[in-house]
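Undergrad: This structure is in structure tokens; I'll ask about it shortly.
The values are calculated or read from the model by the stated rules, or taken from the named source; none is laboratory data. Computed from a predicted model, the values in this text were never measured in an experiment. Positions of Cβ are backbone-derived with ideal geometry, glycine not excepted, and every protein chain shown enters the neighbour counts.
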Amino acid sequence: MSGEKQIGNSHSFRLCAPRVKTRQINVGGITIGGDAPIRVQSMTCTKTGDADTTLEQIRELATAGAELVRLTVNDEAAGEALPRIIAQSNTPLVADIHFNHKLALVSLEAGIAKLRINPGNIGNKDKIREVAAAALDKGVPIRIGVNGGSLHRRYEELHAQDPAGALVQCALDEIETLAAVGFHDVAVSLKSSEPGQVVDACRRFAKISDVPQHLGVTEAGTLLAGTSRSVAAMSVLLSEGIGDTIRISLAADPVQEILAGFHMLSALGLRQGFARVVACPTCGRVEVDVVKLAAKVEELAKDLPPERIVAVMGCIVNGPGEAKAADLGIAAGQTKVAIYRMGELHRTIDKKDLEEVLVAEIERLK
Ligand code: SF4
């Protein structure tokens, strides 16, 4: 690349306010909060008791970029599988605990890096205190995962009048319960399936607490709808500097959650995600199968440095302009395709050779 003209994203406009300062926690070597990067996480959807399948999914998520992976510990089989899963995972793991606080104790014994407890269903305060004492002993942080759909009944009335206020109040009460036994190594999440409530709750919490926040819209939906709803809430919060770690919860392959998370953070200028693939939306002028080509380029571009830009343009209207602004660009004509490299016309090829040439040109950008 030396001597070649660099294109990249050097003139990006800053979309987000500086991060709201939070205290930092350490999850198996991964820092969350403070000046740590905003972490991207997901959750396995396998039966945790099936250690091999779970480990396979953890590896897929890690390959996609997951920095933390949560898995449910919901029964005895899951607890029994945990030691092997933890031993063979290179990614810090978070045990998701509902209803049964004993499974939190089992997870700690197995060496889990973090617990997520749902205060709405874990039971009385003594159980939470018992878990906190064991976590303190092991140096393991706890996320207090408040969820609008499973709030304790003591918040019912408040929730009916002020849903976001109930999420905040529940989180504050749990933080206090843990603090009373000397436990301060916490993160919180204030989730709802309503993006507006998530924004309201997280904003209000950030004004009164320095506990790091995990952002998410729960039960957000399928790939397209769920990503849109999640990004709608999170981009508002992240633009205000709120949020230390994120999950885009989708009714889809969890790998998509990681990819969507990085695309969002990268678009907001908060993390380097993947190389950017510019693709025209196509119209009646289109001269090549842009949809197919762009999907292929996006797949190949995952291995490129994140500052790279590749443009796939269907005709000569905007094609040359966008292609020139990219590290690599194509603009299709009726029979020929123009290939641009580093802003300059590199060569013109026959349409039939396009796919092969594109793959080779992308390889040169690595
Ligand atoms: S670049 Fe050409 S094909 Fe693509 S949307 Fe624009 S005019 Fe249509």
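Undergrad: Looking only at residues that are touching a helix residue (DSSP H, G or I) at 6+ places or on another chain (Cβ under 7 Å) and of a type in the set (G, A, S) in region 254-300, which one is farthest from K366 (Cα to Cα)?
TA: A260
Undergrad: Also, I was wondering about something else. Of L71, L82, L93, which residue is crowded, with 23+ Cβ neighbours inside 10 Å and farther than 20 Å from V188 by Cα? Talk me through it step by step, then tell me what you get.
TA: Working: L71 fails: farther than 20 Å from V188 by Cα; L93 fails: farther than 20 Å from V188 by Cα.
It is L82.
Undergrad: Just to check your reading of the model, which residue among R204, R154 is more than 16 Å from N118 (Cα to Cα), assigned to a helix (DSSP H, G or I) and not aliphatic (A, V, I, L, M)? Even if it seems obvious, please write down each step before you answer.
TA: Values: R154 fails: more than 16 Å from N118 (Cα to Cα).
Matching residue, one of R204, R154: R204.
Undergrad: Can you name the residue in region 232-246 that is of a type in the set (V, I, T) and not in a loop (DSSP other than H, G, I, E, B) and, of all such residues, is farthest from the ligand (Cβ to nearest atom)?
TA: My answer is T245.
Undergrad: Given the options A87, A113, A78, A51, name the one that is under 20 Å from the mean Cα position of the chain (by Cα), among the small types (G, A, S) and modelled with pLDDT of 95 or more.
TA: Matching residue, one of A87, A113, A78, A51: A113.
Undergrad: Report yes if some residue within region 162-174 is surrounded by fewer than 15 Cβ atoms within 10 Å (Cβ to Cβ) and in the same structural domain as A233 (by TED's automatic domain parsing); otherwise report no.
TA: No: region 162-174 contains no residue that is surrounded by fewer than 15 Cβ atoms within 10 Å (Cβ to Cβ) and in the same structural domain as A233 (by TED's automatic domain parsing).
Undergrad: What are the pairs, 6+ residues apart or on separate chains, where a residue within region 73-85 that is closer than 15 Å to D96 by Cβ has its Cβ under 8 Å from a residue that is acidic (D, E) and surrounded by fewer than 21 Cβ atoms within 10 Å (Cβ to Cβ)?
TA: A81/D50
Undergrad: Check Q213 against each of (1) out of contact with any Asp or Glu (no Cβ under 9 Å at 6 or more places or on another chain); (2) modelled with pLDDT of 95 or more; (3) not β-branched (V, I, T) and name the one condition it does not meet.
TA: Going through (1) out of contact with any Asp or Glu (no Cβ under 9 Å at 6 or more places or on another chain); (2) modelled with pLDDT of 95 or more; (3) not β-branched (V, I, T) one by one, Q213 breaks only (1).
Undergrad: Now for a separate question. Restricting to region 279-308, give me the number of residues that are in contact (Cβ under 8 Å) with a residue 60 or more places away in the chain and small (G, A, S).
TA: The qualifying residues number 1.
Undergrad: Collect the residues in region 187-201 that are closer than 19 Å to Y155 by Cβ and in a strand (DSSP E or B), keeping them in residue-number order.
TA: Passing the criteria: V188, S189, L190, K191.
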